[in-house]
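The values are calculated or read from the model by the stated rules, or taken from the named source; none is laboratory data. As the structure is a computational prediction, the values presented were derived from the model and not from experiment. Here the Cβ positions follow ideal geometry from the backbone for every residue, glycine too, while neighbour counts run over all protein chains shown. Side chains are part of the model used for accessible areas, which takes the heavy atoms of the whole protein and leaves out ligands, DNA and RNA. Shrake-Rupley method; radii C 1.70, N 1.55, O 1.52, S 1.80 Å.
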Amino acid sequence: MVLGTTSGAGKSWLTTALCRHYARLGLKVAPFKAQNMSNNARVVAGPGDAYGEIGSAQYFQSLAANARPDVRMNPLLLKPEVDTRSQVVLMGQVSEALSNMPWRGRSQHVWPQIAAALDALREDNDVVVIEGAGSPAEINLHASDIVNMRVARYAQARCLLVTDIDRGGAFAHLYGTWALLPVDEQELIRGFVLNKFRGDASLLAPAPQMLQDLTGVPTVATLPMWWQHGLPEEDGVFNDRTRTAGAVHKTIAVIAYPRISNLDEFQPLKNVPGVRLVWARTPADCAGADWIVLPGSKATAADLVWLRAQGLDRAVAVHAAQGGAVLGVCGGLQMLGEALIDPHQIDGNAPGLGLLPLVTQFELQKTVRHTQSRFGTLTGPWVALSGVEVAGYEIHHGHTSQHPAMAAGGQVAVEVLPGLAWQSDNGAEAGRGNVLGVYLHGLFEDPRVLQALFGAAVPTLDSVFDGLADFIETHFEAGVLDQLVQP
C-alpha cells in the first residue's frame with residue numbers, strides 16, 4: 001500500500017509504477033483505491049454488461065498492471081459538485097441515497113462493498129497495489145476512515161509512506177504522520193520514500209538514520225524531481241504552463257474553471273512537439289492562443305457563471321469571431337450552445353455562449369458508455385479530422401440537440417454522428433467551421449487524432465508505464481521491492 005503525508009505527495013504515480021514493476025515480473029497485478037475524490041473519471045466494466053465509473057488514476061494503474069479496468073478497483077468515487085456536496089458513485093453507479101447522506105454516516109454503509117471488492121481482487125491476483133488518500137494521520141477522520149489505515153489493517157498491507165521533500169519539512173511530515181498512528185498501524189509502515197528531491201542526496205545524512213532511530217522505519221528510496229513523467233496530475237491543475245522542447249508552433253488554451261472534469265485527457269498534448277498547453281483562468285491567459293478549449297465540467301451552469309465573471313465569455317467570442325479554433329468537450333459543448341435547461345434540478349438553468357445552435361436538457365438518466373465512431377466531413381481548422389476513426393468515452397447527464405430556430409436562421413450545425421460532434425459557422429467568413437463541439441472524452445488520447453491534427457506520434461502509455469517502473473527500480477534500495485511482496 002502507498003500512503004502519503006499529504007495530497008500531491010506522489011501516491012498515484014508511485015502506485016502506477018509499482019503496478020508495472022510487479023507486472024513485468026510475471027505476476028498478476030491489480031490496483032485498488034477504496035475511495036477516490038475526483039472529477040477525473042473513466043468508463044470501465046461494471047456488473048454484468050453494464051458500464052461504470054472509476055477514478056482515472058485507477059484506470060491508468062490497471063493498464064500499467066496489464067489488467068482489465070473494472071469497478072472493483074475503485075468501489076467508491078466522490079465527484080465534487082460544490083464545496084459541500086459530491087455525487088457519490090458506488091461500484092460504478094450513481095447513488096442518490098449516498099449522495100444525500102452526511103459524510104461521516106456514509107462509511108458504515110459502504111464499507112461492506114469496499115471490503116468485498118478488495119477481497120475479490122486479492123482472490124483473483126498475486127499482488128494488489130493499494131493507494132491511500134490524502135494523509136492517514138487525519139485524526140479528525142480516523143474513526144470513520146475507509147480509505148487509509150482501515151484498509152491497511154484489513155489487508156495487513158505492507159505500507160510505504162511517501163512525502164514531497166520539495167515542499168520542505170519532509171522529515172517532520174514523515175515522523176509526525178507515523179507518530180499520530182496507533183502502534184498496530186505504525187507496525188504496518190515498512191518504508192519511507194522521499195519524492196521530488198533536487199540536489200545531492202548525500203547531504204540528507206544523518207536525517208534518514210535519525211528518523212529510523214526514532215521510528216524503526218528505514219528510508220527506502222530518494223526519488224529525484226521528475227518534471228515530465230507522462231502521467232496527468234490526479235488532483236487538479238498543478239502546472240499552469242507546460243514545458244515544451246524546441247520552438248512553439250501551436251498554443252492551446254484550456255479553460256480551467258473551478259469544476260473542470262476529465263482534465264487528464266489533455267495530458268497527451270503536453271507531449272506533442274511544438275505544442276504549449278496553457279490552463280486559462282483569465283482573458284490574458286487566452287491571448288495569442290491558436291485554440292481555445294472548453295473542457296468537461298461537473299457543474300456546467302455554475303462554471304458558466306464563473307466563466308462570465310472572469311470575462312472569459314468575451315475572450316472566447318472574440319477569438320471565434322476572428323477565426324480562431326474553438327473546441328467544446330462534453331460540458332464545454334453544452335456551454336457553447338444557446339441554453340441549458342434543467343427540469344430535474346440536476347445542474348441548473350443558464351444561457352449558453354451562443355456559438356453553436358444547440359440546446360441541452362439535463363436528464364435524470366446518466367449516459368456512461370464507450371463510443372467508437374468516425375468523423376464525417378468537417379471544415380476550417382478541423383478539416384484534418386474528416387473521416388478519422390476515433391474511440392473514447394461519454395459521461396454526461398445532458399441531452400443536446402440542434403435548435404430549430406437557430407438552424408432556420410442561417411447558422412449551420414452539422415451533427416456528424418449522434419453524440420459525436422457539431423460544427424458551426426459563427427458568421428465570420430474567416431472562421432467557417434472553426435467552432436466544434438463533441439461529447440466524446442479521450443479525443444487526444446487517440447493516436448489517429450493526434451496524427452491527423454499534429455502529424456505527430458506521442459509516447460505510448462506502455463512506454464510511460466515502463467519508464468515509471470525503470471525509475472523506481474533505479475532509485476529504490478536493492479531488494480526492497482521484492483521484500484514487499486514476499487510471503
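Across the chain, C-alpha contacts under 8 Å between residues 6 or more apart give a mean separation that, scaled by the residue count, equals a relative contact order of 13 percent.
Distant-in-sequence amide contacts of F197, defined by a placed amide H-H separation under 5 Å and a gap of 5 or more residues or a different chain, comprise L223, M225. The H on the amide N of G352, modeled in the peptide plane, is under 5 Å from the matching H of A339, L340, each at least 5 residues off or on a different chain. The residue among A115, G437, S135 whose Cα reaches farthest toward the positive pole of the charge dipole of the chain, with charges on the beta-carbon of Lys, Arg, Asp and Glu, is G437. Computed from point charges on the beta carbon alone (+1 for Lys and Arg, -1 for Asp and Glu), the dipole magnitude for region 111-154 about its Cα centre is near 180 Debye.
For the chain, the 222 nm mean residue ellipticity estimated from helices alone, with every DSSP H stretch of n ≥ 4 adding -39500 (n - 2.57) and the total spread over all residues, rounds to -8000 deg cm²/dmol. In the context of the full set of protein chains, residues of the chain present 40 Å² of accessible surface per residue (probe radius 1.4 Å, heavy atoms only). In the distance distribution for the chain, Cα-Cα pairs more than 38 Å apart total 28 percent. Take the Cα radius of gyration of region 42-132 and divide it by 2.2 N^0.38 Å, N being the number of residues; the result is 1.09. For K366, the lysines whose Cα comes closer than 30 Å to its Cα, not counting residues fewer than 8 places off in the same chain, are K33, K79, K298. For the chain, the fraction of 1.4 Å probe accessible surface lying on carbon and sulfur atoms is 52 percent. Candidate cross-link partners of K270 among the aspartates and glutamates, defined by an alpha-carbon separation under 18 Å and a same-chain spacing of 8 or more, comprise E233, E234, D235, D240, D285, D290, E445, D446, D462. Ignoring lysines fewer than eight residues from K196 along the same chain, the ones with Cα atoms less than 18 angstrom from its Cα are K11. Spatial offset of region 336-393 relative to region 126-183 amounts to 41 Å, using the alpha carbon center of each.
Backbone geometry of region 457-469 corresponds, through the Karplus equation with coefficients 6.51, -1.76 and 1.60 at θ = phi - 60°, to 3J(HN,Hα) couplings of 9, 10, x, 6, 4, 4, 5, 5, 5, 5, x, 5, 5 Hz, x marking Gly and Pro.
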